[in-house]
Amino acid sequence: MNNNRRASQFDDPFEEVREKAGFGEVADQDDPVMMLLRLKDVRKTAHNWKTFRSGATPGRIVVPSEVNIRETRQVPFEVDPPEHTDYRALLEPWFRRPNEQAYQEKLTALVSELLDEVLHRDKVEVVGEFALKLQSRALTLLLNVPMEKSETWISWGTHVFRSEGEALDAGKAAILYDYIDNQIENASRNPGDDLYSVLLFADYQGRKLTREEVKGVMVLTFAGGRDTVINAVTNSIAYLAEHPEHLERLRNEPEMVGKAVEELVRYFAPLTHMGRVVSEDTEVCSHAVKADTRVSLCWASANRDAGTFEKPNEVVLDRKINPHVSFGFSHHNCLGATHARQILRHLLVGLSQKVSSMKIRNYEENIEEWGEFRRKVGFHKIEVAFEAFTK
Ligand code: EMZ
């Protein structure tokens, strides 16, 4: 338990360096990363895919690098235009389904059921017993597979490539790859209306996708939206536990929920940064960078850039202008963002309708270390007592 600040306070460790130099440096498995901290540089670099590539060795744009635990290229995440454009066109209709009425009704039911489970208990460890379950059960909707599948995914824990004390866990990664290979095999023998089958039979540039490409989309769908969603859900609960007046405001002004989601996501920035590989000698932030080195776009720092955000270190729940980059920026912006936003909306609505207050009993923070920066990204554990709302 950290008694110096509130559980839901997430400081900005980048401020000073962002304002002075604009970038920081991080060592990572002999492949250092130059972290870009200013919103303007982050946007410009994200846009310039010719010089700052995503289509590098699979795993290399992730920090910490996953090159040693992964061979499969994640699609469309590790692909540059023009192929990227065609993959996106193929995937986007499916990943926009969370906006449909029927999908939302299922999400409402799912959140409501989960809240009923926790409301009957004295206290709940929110990361493992709520956020992980919500993320996994909601993923069955995105994949369009039976809800029981989520039980296996829940057993994998919060990150599919990382385990406690181990930033990269090859054994764990192998479980995911084998699982996905199996599901693809089953879908090819017995196709249905799930994402695996849809991908296996889709048309991409006049041909079918290879199994490796299908696997690339599926690995991304499992890995990319896991700890990020879990952190966003957990941190939002911590925030509303410590700000009951905001929970009440959401109850009275449900039309505010969209803005509240954007602001919580800006403030918490569930994914600290994402890398690019430099394709030619160039300059960033008045600093020379060499071809074949790595830079990263630090979403978490950019979101606190005082040049764009007034009171950047405060949660302004109904913030009017909020061009945050928590879902990335430009053509690689998060494919799962529609799904993630809907989960959070339904969570906030569900909480405001069913919960009168939440008390944090105990917690253990999840602090990432990036060179000289220490950034809180969420919690390893947080115990919360939920009090039911009765009219
Ligand atoms: C990759 C990444 C995608 C990576 C948007 O982020 O998320 C990370 O959690 C995974 O480890 O493989 O999918």
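The values are calculated or read from the model by the stated rules, or taken from the named source; none is laboratory data. Since this is a predicted model, take the numbers as computed values, not measurements. Here Cβ is always computed from backbone atoms with ideal geometry, including for glycine, and neighbour counts include all displayed protein chains. Protein only, heavy atoms only, side chains kept; ligands, DNA and RNA dropped before computing areas. Shrake-Rupley method; radii C 1.70, N 1.55, O 1.52, S 1.80 Å.
Brief remarks follow.
- Applying the condition of being of a type in the set (Asp, Glu) and within 13 Å of the ligand (Cβ to nearest atom) to region 64-84 and asking which residue is nearest to Thr221 (Cα to Cα) yields Glu78.
- Selection from region 203-226 of residues that are away from the ligand (no atom under 11 Å from the Cβ) and not in a helix (DSSP H, G or I): Asp203, Tyr204, Gln205, Gly206, Arg207, Lys208, Leu209, Thr210
- Residue match in region 118-125 (condition: open to solvent by 10 Å² or more (accessible area, probe 1.4 Å) and either hydroxyl-bearing (Ser, Thr, Tyr) or within 30 Å of Asn68 (Cβ to Cβ) (or both)): no
- When Glu25 is tested against (1) away from the ligand (no atom under 16 Å from the Cβ); (2) out of contact with any Pro (no Cβ under 7 Å at 6 or more places or on another chain), just one condition goes unmet, and that condition is (2).
- Residue tally, condition more than 12 Å from Met218 (Cβ to Cβ), within 16 Å of the ligand (Cβ to nearest atom) and open to solvent by 20 Å² or more (accessible area, probe 1.4 Å), over region 170-196: 5
- Residue match in region 197-211 (condition: of a type in the set (Phe, Trp, Tyr), touching a residue at least 60 places away in the same chain (Cβ under 8 Å) and surrounded by 15 or more Cβ atoms within 10 Å (Cβ to Cβ)): yes
- Positions within region 122-144 being free of Cβ contacts under 8 Å to residues at least 60 places away in the same chain and assigned to a loop (DSSP other than H, G, I, E, B), in sequence order: Asn144
- Here Leu114 meets the list (1) away from the ligand (no atom under 16 Å from the Cβ); (2) of a type outside the set (D, E, K, R); (3) part of a loop (DSSP other than H, G, I, E, B) almost entirely, failing just condition (3).
- In region 153-169, the qualifying residues are those that are open to solvent by less than 60 Å² (accessible area, probe 1.4 Å) and part of a helix (DSSP H, G or I), and the one that is farthest from the ligand (Cβ to nearest atom) is Ile154.
- Matching residues, region 185-196, being polar (S, T, N, Q) and either touching a residue at least 24 places away in the same chain (Cβ under 8 Å) or in a helix (DSSP H, G or I) (or both): Asn186, Ser188
- Filter result for the condition that a residue is at pLDDT 95 or above and closer than 17 Å to Val75 by Cα, over Val277, Val257: Val277
- Qualifying residues in region 366-380 (those that are open to solvent by 20 Å² or more (accessible area, probe 1.4 Å) and of a type outside the set (Phe, Trp, Tyr)) - the one nearest to Thr158 (Cα to Cα): His380
- Applying the criterion of being crowded, with 23+ Cβ neighbours inside 10 Å and in a loop (DSSP other than H, G, I, E, B) to the residues of region 227-270, the residue that is farthest from the ligand (Cβ to nearest atom) is Ala269.
- For region 345-372, a residue qualifies if it is closer than 29 Å to Arg162 by Cα and either without any contact (Cβ under 8 Å) to a residue 12 or more places away in the chain or in contact with a Leu (Cβ under 6 Å, 6 or more places away or on another chain) (or both), and the qualifying residues are His346, Leu348, Ile367, Glu369.
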